[in-house]
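The values are calculated or read from the model by the stated rules, or taken from the named source; none is laboratory data. Just so it is clear, the structure is predicted and the values come from calculations on it, not from any experiment. Here the Cβ positions follow ideal geometry from the backbone for every residue, glycine too, while neighbour counts run over all protein chains shown. We work out accessible area using only protein heavy atoms, side chains counted, and drop any ligands, DNA or RNA first. Shrake-Rupley method; radii C 1.70, N 1.55, O 1.52, S 1.80 Å.
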Amino acid sequence: MKGVTVLGSTGSIGVNTLDVIAQHPAQYRAVALTANRNVERLFEQCVVHHPDYAVMSDETAAEQLQQKIQAEGLATEVLTGADGLEKVAMLPQCEQVMAAIVGAAGLLPTLAAARAGKRVLLANKEALVMSGRLFMDAVREHGAELLPVDSEHNAIFQCMPERFNGLEDSGIEQILLTGSGGPFRLVAPAALADVTPDQACAHPNWTMGRKISVDSATMMNKGLELIEACWLFDAPPEKIQVVVHPQSIIHSMVEYVDGSVLAQMGSPDMRIPIAHAMAWPQRISSGVERLNLFDVARLDFEHPDVTRFPCLRLAREVAQMGGTAAAILNAANEIAVEAFLGQTLRFTDISRVIEATLSDVSAQAAASLAVVLQDDATAREVAQQHVSRLEWKS
Ligand code: NAD
Ligand code: MG
């Protein structure tokens, strides 16, 4: 029986993770669940999964949850704040930590899980983008296992040789990182300035949280994934090519020096990479409907349009720069996306805020976590100023 802590259990990845856990009650048990402030959903999850701990980051929400847990007579202990998150990421009864908090808020508990030597099921790409080298060092130094859950990186991992030893020694020519192109792949660039949050969140193939949905619409998601892949597979950015593949059936590919190209395919459902990462090197069922190739019928591939999607260019530049540049890009993106979702910033100004922040805040060597968090905080302030300057007065 393996104990799993699910950080961000009320979100899209969290709910899918609990679905996979529930399908294998003899093998997996949720030992801790966490959420920001969704009391109702976390309570329902506690009733079903009986975790040892439930953490609400918001203090008032934690009090409300505590009352409901008591009234229900559950044995779950309620914790709150950053300390609570870090504690459940390091529990002795937990072997695996699903890192599914969205954004920079997930960094410290995810890092705590790595430092406690857990198997880290990594969905929270922002944590790795921000702290790249430091995070990978923590994984190595503390004997943690890092299993990618992001569907592309999970696919790449599945296409890698069993004894992966760096790209060159493994005979790998390049990584082909696929992406659907999002909901605006075919929308006229002139129309993009007026798109609404609901239009941006209506992804053609995947149902996800609102932040990553906007990232998919700007293609910043693919940019963050490019940086994520550099760290996970120790690859220089020029060895990673972005391929637009609108059907989202191939989840990424690896090209070898002999010309072989290996691809991982499946229905676009996150329970596949989640089940893979949980069970690796074994396989367990995920509950996902089988891929019907006759229904799919065709697969298309295109170059990404970097004029329409400037975020992709910015992320590639940042990947080449190294240091805290990626943390600055990530912070500015989080601020800009939040403003867009709050309808105070135009969709097309998201990339402007990020580019302006990158030119105002100079990156430095990511020598320590303190340095990364400092540049993250500075970039947030600067990005907020650019948001105010560009504010959408519709
Ligand atoms: P979501 O918005 O649906 O869920 C986010 C979860 O994080 C919720 O449980 C929420 O309560 C919690 N949370 C949010 N802010 C918090 C804070 N400040 N402190 C503590 N907890 C907080 O997001 P999602 O779509 O499930 O994505 C989660 C992560 O997984 C993101 O980093 C995303 O990039 C990554 N990811 C998601 C998908 C997907 O299909 N949804 C695919 C690949 C990667
Ligand atoms: Mg992805």
Q. If you take just the helices (runs of 4 or more DSSP H) that sit entirely in the stretch 1-110, which of them hold at least 1 residues that are under 18 Å from the mean Cα position of the chain (by Cα) and within 28 Å of residue 135 (Cα to Cα)?
A. 12-23, 81-89
Q. Looking at (1) outside the structural domain of residue 164 (by TED's automatic domain parsing); (2) open to solvent by 40 Å² or more (accessible area, probe 1.4 Å), which is the only condition residue 278 fails?
A. (2)
Q) Could you list, in sequence order, the residues of the stretch 65-99 that are surrounded by fewer than 22 Cβ atoms within 10 Å (Cβ to Cβ) and hydrophobic (A, V, I, L, M, F, W, C)? A) 69, 71, 74, 75, 79, 82, 90, 91
**Q.** In the stretch 379-394, residue farthest from residue 104 (Cα to Cα) [restricted to those that are of a type outside the set (Lys, Arg) and in a loop (DSSP other than H, G, I, E, B)]
**A.** 394
**Q.** 3 or more residues farther than 21 Å from residue 154 by Cα: qualifying helices (runs of 4 or more DSSP H) within the stretch 266-328
**A.** 293-296, 310-321
Q) Exactly one of (1) surrounded by fewer than 16 Cβ atoms within 10 Å (Cβ to Cβ); (2) away from ligand 1 (no atom under 16 Å from the Cβ) is unmet by residue 287. Its number? A) (2)
Q: Confirm whether residue 106 is more than 12 Å from ligand 1 (Cβ to nearest atom), open to solvent by less than 30 Å² (accessible area, probe 1.4 Å) and touching a helix residue (DSSP H, G or I) at 6+ places or on another chain (Cβ under 7 Å).
A: no
Q | Output for the stretch 117-174, where each listed residue is away from ligand 1 (no atom under 16 Å from the Cβ), among the basic types (Lys, Arg) and at pLDDT 95 or above | A | 118, 119, 133, 140
Q | Count of the stretch 124-147 residues which are without any contact (Cβ under 8 Å) to a residue 40 or more places away in the chain and in a strand (DSSP E or B) | A | 1
Q: Could you tell me whether the stretch 221-229 includes any residue that is among the small types (Gly, Ala, Ser), within 16 Å of ligand 1 (Cβ to nearest atom), more than 29 Å from residue 139 (Cβ to Cβ) and in contact with a helix residue (DSSP H, G or I) (Cβ under 9 Å, 6 or more places away or on another chain)?
A: no
Q: Would you mind finding the one in 41, 29, 37 that is over 24 Å from residue 127 (Cα atoms) and surrounded by fewer than 18 Cβ atoms within 10 Å (Cβ to Cβ)?
A: 41
**Q.** the stretch 189-212: number of residues that are open to solvent by 80 Å² or more (accessible area, probe 1.4 Å) and under 19 Å from residue 103 (Cα atoms)
**A.** 2
Q) How many residues are touching a residue at least 40 places away in the same chain (Cβ under 8 Å), open to solvent by less than 20 Å² (accessible area, probe 1.4 Å) and part of a helix (DSSP H, G or I) when one looks only at the stretch 336-358? A) 8
Q: Go through the stretch 359-378 residue by residue and tally those that are open to solvent by less than 50 Å² (accessible area, probe 1.4 Å) and not in a helix (DSSP H, G or I).
A: 4
Q. In this structure, is residue 224 within 11 Å of ligand 2 (Cβ to nearest atom), farther than 24 Å from residue 10 by Cα and open to solvent by less than 10 Å² (accessible area, probe 1.4 Å)?
A. no
Q. If we keep just the residues of the stretch 148-188 that are over 30 Å from residue 202 (Cα atoms), part of a loop (DSSP other than H, G, I, E, B) and open to solvent by 40 Å² or more (accessible area, probe 1.4 Å), which is nearest to ligand 2 (Cβ to nearest atom)?
A. 164
Q. Any idea which residue in the stretch 1-26 is farthest from residue 124 (Cα to Cα), counting only those that are among the hydroxyl-bearing types (Ser, Thr, Tyr) and within 16 Å of ligand 2 (Cβ to nearest atom)?
A. 17
